[in-house]
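Here is the structure we will look at, set down as structure tokens.
The values are calculated or read from the model by the stated rules, or taken from the named source; none is laboratory data. Bear in mind the structure is a predicted one, so any value in this text is a computation, not a measurement. All Cβ positions, glycine included, derive from the backbone under ideal geometry; neighbour counts span all protein chains shown.
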Amino acid sequence: MNLDPNQITGYANTFVQVLIDYSPKAISAFVILFVGLYVIRLINKFIRAMMIRRDLEPTLTKFLADILLWTLRVILFVSFISKLGIETSSFVAILGAMGLAIGLSLQGSLSNFAGGVLIILFKPFKVGDFIEGQGVSGTVCEIQIFVTKLLTTNNQTIFIPNGSLSNGNIINYSMEKIRRADLTISISYETNIKQAKDIIIAVLKSNPKVLTTPAADVSVKNLTDSSIQLAVRPWANSEDFWGVYADTLQNCKQAFDNAGIVIQPYVKEFSKKNEITES
């Protein structure tokens, strides 16, 4: 194949002319690209520092910073190819379709993500709190983006989706510094109520973990067919709650035994209808 020198010269001149005409666009596009990457890095660093100062969870900080980083990078890339003269309308349409498809396929995960963000922002509980939610209870070990990790009292690990957890009722037993125990002790009708109450009050006063303010309350709760029910309500610091709960029951039983008072056992009450049916 014979090449015409004049033809080669024409191609070379055309290439050089195109290169000269296109150089300003290419140079400005790459300037935008490199300057944009530098600015994005600064913005990302500033946002991370701001979220850390606001004591946001490390997991949420990293996740939100990464989302911001890639969003800005996509915007920068679209601006870069647009500056090069490439049509971006079809590219943006493809990105939109991909985003819609991903959003539809990850509805549950996005709901859990949104729930995790709400939990971390509004802080109905934090790591170390003992909570109850979605029918389970335990100590919060970790608040992840999609799930919250609980450790139960019998050392079982439970993962609760953040979407359902944030939309349901949450009982935080650790948010307040003090808690009240609600106990019920049943005595027979032959027992002197004042004597029983005095014994219980003495037991509560002898326990240093029972708070004096607010004062503990001992009162008649109910009169059933088989017993007198006394409500015993001592206050304790949250970390001492279960110890006070157990000690109160044990010490009251021992004090009643020493005083010759018998705790009335629970008697199941049958209606007359049931008695007729059984007979």
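Remarks
- Tabulated pairs, segment 171-182, first charged (D, E, K, R), second part of a strand (DSSP E or B), C-beta under 6 angstrom, 6+ apart or interchain: 180/233; 180/235; 182/233
- Some residue of segment 204-211 being assigned to a strand (DSSP E or B), in contact (Cβ under 8 Å) with a residue 12 or more places away in the chain and polar (S, T, N, Q): no
- Search result, residues across segment 141-161 that are over 19 Å from residue 111 (Cβ atoms) and part of a loop (DSSP other than H, G, I, E, B): 152, 153, 154, 155, 156
- Any hit, segment 113-124, residues being within 30 Å of residue 247 (Cα to Cα), at pLDDT below 95, surrounded by 12 or more Cβ atoms within 10 Å (Cβ to Cβ) and among the basic types (Lys, Arg): no
- Residues of segment 216-232 that are touching a Lys or Arg at 6+ places or on another chain (Cβ under 8 Å), under 15 Å from residue 265 (Cα atoms) and of a type in the set (A, V, I, L, M, F, W, C): 230 alone.
- Considering the conditions (1) outside any helix (DSSP H, G or I); (2) more than 39 Å from the chain's Cα centre (by Cα), residue 199 is excluded by exactly one of them, (1).
- Any hit, segment 247-255, residues being among the β-branched types (Val, Ile, Thr) and at pLDDT below 90: no
- Among (1) free of Cβ contacts under 8 Å to residues at least 40 places away in the same chain; (2) crowded, with 16+ Cβ neighbours inside 10 Å - the single one residue 162 does not satisfy: (1)
- Test result for residue 138, buried (at least 16 other Cβ atoms within 10 Å of the Cβ), small (Gly, Ala, Ser) and in a strand (DSSP E or B): yes
For (1) touching a strand residue (DSSP E or B) at 6+ places or on another chain (Cβ under 6 Å); (2) in a helix (DSSP H, G or I); (3) modelled with pLDDT of 85 or more; (4) not charged (D, E, K, R), each residue gets a yes or a no:
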residue	(1), (2), (3), (4)
34	no, yes, yes, yes
40	no, yes, yes, yes
45	no, yes, yes, no
51	no, yes, no, yes
61	no, yes, no, yes
64	no, yes, no, yes
70	no, yes, no, yes
73	no, yes, yes, no
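- Among (1) without any contact (Cβ under 8 Å) to a residue 12 or more places away in the chain; (2) surrounded by 13 or more Cβ atoms within 10 Å (Cβ to Cβ), the one test that residue 147 misses: (1)
- Some residue of segment 229-239 being surrounded by 12 or more Cβ atoms within 10 Å (Cβ to Cβ), at pLDDT below 95 and of a type in the set (Lys, Arg): no
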